[in-house]
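The values are calculated or read from the model by the stated rules, or taken from the named source; none is laboratory data. Keep in mind that what you see is a predicted model, and the values were worked out from it rather than measured. Every residue, glycine as well, gets a Cβ built from its backbone with ideal geometry; the counts of neighbours run over all protein chains shown.
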Amino acid sequence: MELTDSITSMGGVGKKRGELYEKLGIRTVGDLLGHFPKEYTDLTETVNIADAPINEQAVILCEVKTKIPAARIRQGLILYKVIVTDSTDDLTVVIYNNRYAFENFTVGGQYRLYGRITGGFTRKEMNSPMVIKADDRHLIRPKYSLTEGLTAQMLITNIERILDETAEKTEDFLPDSIRTRFELCTEEYAYGNIHFPESMHAADISKRRLGFDELLTMQCAMFLSKISSRESAGCVMEQKDLSRFEESLPFELTGAQKKAINGITADMCGKYPMNRLVQGDVGSGKTAVAAAACYFAYLNGYQSAMMAPTELLARQHQATLQGFLEPLGIEVGCLTGSMTLKQKNALKERLAEGSCMVVTGTHALISESTKFLKLGLVITDEQHRFGVNQRKLFAGKGEHPHKLVMSATPIPRTLALIMYGDLDISVINELPKGRQPVETYAVTGKLRSRALGFVKKELDAGRQGYIVCPMIEESEGGEVQAATSYAEKISQGELRGYRVGLLHGKMLPAEKDNVMADFKAGKIDLLVSTTVIEVGVDVPNATIIMIESSDRFGLSQLHQLRGRVGRGKYRSYCILLTDNATEETKARLRIMSSTSDGFVIAEEDLKLRGAGDFFGSRQSGLPPLKIADLYHDRELLSDTQAAMKTLIEESADLSAFPKLRERAERLLSQNGDEGMN
């Protein structure tokens, strides 16, 4: 048996069970071996029946005394009873509608039972317990994620067989020096004891080893991705004086912006194409950094292009870059799908001949007919909104151009090192001088009318606002606020007479752009929206955002939404409304009310939700972690980073560690368009 064999090639796993395994993402023998338990039931510590506490879980080591014939209590309910005993007392095992479980008991047989003790001191019972034979070698029982039709015992039987048949074939892929240095058990021991631990300590040792493997493999995959992009020389540039750019700005660059610009220009002068992420909080000035990079490319005779996920954002970036670059004599074009053919052709001609040196745009930038004379820098805004192939086509418009990625999503350093392991990272963690924090208030639904009154007050002052709902249309339960009905309700109620707009993800792109353009132009007073406004919308006159059912959003998402206001000179407000004021909800919303630092919020979000839910798998670009946890396993992550450094020093392309390299390459190929950025 090989780990790469189909799961249906195993004895005892036919087509039907194979289909059930498929539902859990298990297609091969190796997939099943990697389907780790989510927790364990420890049956090692037993208590006497006489001493077993009432209404508590207990493990009883006993012998079957007698079996009482089935009794039909009512239609559809059959009751089975088994009397068991130990040296101290008797216990009645009650089983409902499960003849198979009843028949598995043998009079005189020795068993361990795990369940809740009920009854009283004169007569004790245990309903439908977990049952194993007393001499079973697996006294710590794994609990797996299952699907209907698959039982834990089926998995246990199949996994036991895999471990028995592959034990002698297992060759540890980690060098002995790494295992010794980081005090790791062998791979064979880890797989055996993660499924069937000798003790809870053995389970912990195994979890640490397998978590180490997972994090190291992921980092190796990122490293291989990074060195593959360095196979060809990029547009090598020379250092230029950027003082004219800085002097033309209407504000002073922050220290973090200057540091990011220095990192970018140094990369652009290197012999490999730059591959850098500029990560900054809402309003931290990433576009000014991107403008400096465009100016640097221009001074070196190269064109720059910035791709945004929507036409509205592309136009917005054009306007911002024009403010920075046109005073320096640099034209900034914008290429989008909605332009007339004549407009598109005119701009494409200027790009092809090199008279337009900077352009923003949507996916129209990667169309086959778009040519550049000398493209040296490509900038992607919120790159998780583009597929891998789109990004490759974009970079393919030049001769290995430098790549700059901008993200307004604060990511904890721990997560960023994994997510963007193939990128160098610049963090802008300072806000420009004079930018006011958004005042944030968390309130319950009882204060909804007062909150709407506050929104009304801002609109009466000539400002604009947003109300965000988590859904487009009403759910069956009706417990969650929905954008369409909400907009209709307030238009006819509290906000009658105000110009209320509606925006959601099911609208056509052109419809969405039209609504946002009207809002930006001041033709809409209040925009009721789903989270489609989360990224990039810049309306300086918007001063208030009210987020309904705020308990349904992650903290980082709430922070992104809050960033839609406070972008102008006016004091701004965020109201977080919830009809589900549990203690957990209150604690989460207190974090939002107490800080405006996106990185602090992201850390808390990672702690509360874990990396798997931090963005959702498609946005994060992370392959799912089966056993490691990026928040709680930080020390292990640090160890794998140190191990990685050692391995690279020994073998620059990891070729000296073929099994590790093979694992990393397999992870890269499996992840495909879903990530590895």
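Please state which one of G234, G285 is within 30 Å of E349 (Cα to Cα) and buried (at least 21 other Cβ atoms within 10 Å of the Cβ).
Every option except G234 fails the conditions.
Condition first: closer than 30 Å to L375 by Cβ and either crowded, with 22+ Cβ neighbours inside 10 Å or among the hydrophobic types (A, V, I, L, M, F, W, C) (or both). Can you find one or more residues in segment 213-221 that meet it?
For segment 213-221, residues closer than 30 Å to L375 by Cβ and either crowded, with 22+ Cβ neighbours inside 10 Å or among the hydrophobic types (A, V, I, L, M, F, W, C) (or both): present.
Mind listing whichever residues of segment 28-58 are in a loop (DSSP other than H, G, I, E, B) and surrounded by 12 or more Cβ atoms within 10 Å (Cβ to Cβ)?
G34, H35, F36, P37, L43, T46, V47, N48, I49, A50, A52, I54 - these are the residues of segment 28-58 that are in a loop (DSSP other than H, G, I, E, B) and surrounded by 12 or more Cβ atoms within 10 Å (Cβ to Cβ).
Scan segment 318-346 and report the pairs whose first residue is buried (at least 16 other Cβ atoms within 10 Å of the Cβ) and whose second residue is part of a strand (DSSP E or B) and aromatic (F, W, Y), with Cβ atoms within less than 9 Å and a gap of 6+ or a chain change.
Note: no pairs meet the criteria.
Exactly one of (1) within 29 Å of K457 (Cα to Cα); (2) within 24 Å of the chain's Cα centre (by Cα) is unmet by G566. Its number?
(2)
What number of residues in segment 181-240 are closer than 23 Å to T166 by Cβ and among the β-branched types (V, I, T)?
Qualifying residue count, segment 181-240: 4.
Give the residue, chosen from S304, S284, that is closer than 17 Å to M406 by Cα, among the hydroxyl-bearing types (S, T, Y) and in a loop (DSSP other than H, G, I, E, B).
Matching residue, one of S304, S284: S284.
Give A190, A256 a once-over and let me know the one that is closer than 28 Å to L423 by Cβ and among the small types (G, A, S).
A256
Which of the residues belonging to segment 3-18 are exposed (fewer than 12 other Cβ atoms within 10 Å of the Cβ) and under 34 Å from the mean Cα position of the chain (by Cα)?
So the first thing to find is which residues in segment 3-18 are exposed (fewer than 12 other Cβ atoms within 10 Å of the Cβ), and the list is 4, 11-12, 14-16.
Listed by number, the residues that qualify are T4, K15, K16.
Please go through segment 626-652 and give me each residue that is polar (S, T, N, Q) and modelled with pLDDT of 85 or more, ordered by number.
Of everything in segment 626-652, those that are polar (S, T, N, Q) and modelled with pLDDT of 85 or more turn out to be T640, Q641, T646, S651.
Just one of (1) in contact (Cβ under 8 Å) with a residue 40 or more places away in the chain; (2) under 30 Å from G119 (Cα atoms); (3) of a type in the set (V, I, T) trips up I73, so point out which.
(1)
Pull out all pairs, ordered by first then second residue, where Cβ-Cβ is under 7 Å, the residues are six or more apart or on different chains, the first lies in segment 28-49 and is farther than 15 Å from A202 by Cβ and without any contact (Cβ under 8 Å) to a residue 60 or more places away in the chain, and the second is part of a loop (DSSP other than H, G, I, E, B) and of a type in the set (D, E).
Going by the 7 Å Cβ cut-off, the qualifying pairs are T28/D5; N48/D86.
Which count do you get for residues in segment 1-27 that are in contact (Cβ under 8 Å) with a residue 60 or more places away in the chain, part of a helix (DSSP H, G or I) and either under 12 Å from M154 (Cα atoms) or of a type in the set (D, E) (or both)?
So the answer is 3.
Of all residues in segment 547-568, how many are assigned to a loop (DSSP other than H, G, I, E, B) and closer than 19 Å to L447 by Cα? Working first, answer last.
At the first step, the residues of segment 547-568 found to be assigned to a loop (DSSP other than H, G, I, E, B) are 548-549, 553-554, 563-568.
Filter again for closer than 19 Å to L447 by Cα, leaving 548-549.
Number of matching residues: 2.
Find the residue count for segment 261-281, including only residues that are of a type in the set (D, E, K, R), touching a strand residue (DSSP E or B) at 6+ places or on another chain (Cβ under 8 Å) and in a loop (DSSP other than H, G, I, E, B). Step through it out loud before you land on a result.
Taking segment 261-281 and keeping what is of a type in the set (D, E, K, R), we get 267, 271, 276, 281.
Still in the list and also touching a strand residue (DSSP E or B) at 6+ places or on another chain (Cβ under 8 Å): 267, 276, 281.
The next check asks that each one be in a loop (DSSP other than H, G, I, E, B); those that pass are 281.
Selection size over segment 261-281: 1.
Give me a count of the residues in segment 478-529 that are in a loop (DSSP other than H, G, I, E, B) and closer than 24 Å to D460 by Cα.
Selection size over segment 478-529: 12.
Being assigned by TED's automatic domain parsing to the domain that holds G329 and part of a helix (DSSP H, G or I) narrows it down to one of K258, K207, K226, so name that one.
So the residue among K258, K207, K226 that is assigned by TED's automatic domain parsing to the domain that holds G329 and part of a helix (DSSP H, G or I) is K258.
How many residues does segment 580-607 hold that are farther than 13 Å from F553 by Cα and outside any helix (DSSP H, G or I)?
5
Could you tell me how many of the residues in segment 324-347 are charged (D, E, K, R) and either modelled with pLDDT of 95 or more or under 22 Å from F296 (Cβ atoms) (or both)?
In the first step, residues of segment 324-347 are kept if they are charged (D, E, K, R); the result is 326, 331, 342, 344.
Filter once more, so that each one left must be either modelled with pLDDT of 95 or more or under 22 Å from F296 (Cβ atoms) (or both): 326, 331.
Adding up the residues that qualify gives 2.
If C334 passes every condition in (1) closer than 20 Å to P401 by Cα; (2) part of a helix (DSSP H, G or I) but one, which one does it miss?
Going through (1) closer than 20 Å to P401 by Cα; (2) part of a helix (DSSP H, G or I) one by one, C334 breaks only (2).
Please determine whether any residue of segment 470-478 is of a type in the set (S, T, Y), at pLDDT below 90 and within 18 Å of I575 (Cβ to Cβ).
no
Which of the residues that make up segment 250-295 are of a type in the set (S, T, N, Q) and either touching a residue at least 24 places away in the same chain (Cβ under 8 Å) or over 16 Å from N429 (Cβ atoms) (or both)? Spell out how you get there, then give the answer.
Initially, segment 250-295 is screened for residues of a type in the set (S, T, N, Q), giving 254, 257, 262, 265, 275, 279, 284, 287.
T254, Q257, T265, N275, Q279, S284, T287 - these are the residues of segment 250-295 that are of a type in the set (S, T, N, Q) and either touching a residue at least 24 places away in the same chain (Cβ under 8 Å) or over 16 Å from N429 (Cβ atoms) (or both).
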